[in-house]
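One structure below.
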Amino acid sequence: MPEFRHIVRIAGVDLDGATGVAYAISRIRGINIPLAYAILKKANIKPGTRIGFLTETDIEKIESAIKNPEKSDLPSWLLNRQKDLETGKDIHLIG
């Protein structure tokens, strides 16, 4: 069992280690609950797991899916910028 971390940093946001993974990553601006569950399903991580118990590889999987959701085969309707006016592509903005 990995060591518990009280603060986990993902995408530049400090998250409480005692919170479930799905709700913790939904605290990142631009990620809602349905997108959080979809990211965790693609990364094969149980949503109820406390984020403080995740391994470094699990955190890297989540962070790469957050930064590039279109490359993670997530449906385009989950993205917050569908058919961008400038590029015409489906992109997702996080902040």
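The values are calculated or read from the model by the stated rules, or taken from the named source; none is laboratory data. Predicted model, so just to flag it, every value in this text is computed and none were measured. Glycine also receives a Cβ, built like all others from the backbone with ideal geometry; neighbour counts cover every protein chain displayed. Remember, those area values only see protein heavy atoms, side chains included, never the ligands or the DNA or RNA. Shrake-Rupley method; radii C 1.70, N 1.55, O 1.52, S 1.80 Å.
Here residue 41 is the anchor, and the aspartates and glutamates within straight C-alpha reach of less than 15 Å, apart from those fewer than 8 places off in the same chain, are 58, 60, 63, 70, 73. Counting only trypsin sites (Lys or Arg not before Pro) that DSSP places in a loop and that have at most 12 other Cβ atoms within 10 Å, the longest clean stretch of the chain runs over 30-70.
For the range 1-84, with all protein chains in place and a probe radius of 1.4 Å, 49% of the accessible heavy-atom surface sits on carbon or sulfur.
Averaged per residue, the chain has 64 square angstrom of accessible surface, using a 1.4 angstrom probe with ligands and nucleic acids left out.
Taking R0 as 22 Å, what's the FRET efficiency between residue 71 and residue 27 from their Cβ-Cβ distance, rounded to 0.05? Walk me through the numbers before you get to the answer.
Working: r = 23 Å, r/R0 = 1.04.
E(calc), rounded to 0.05, equals 0.45.
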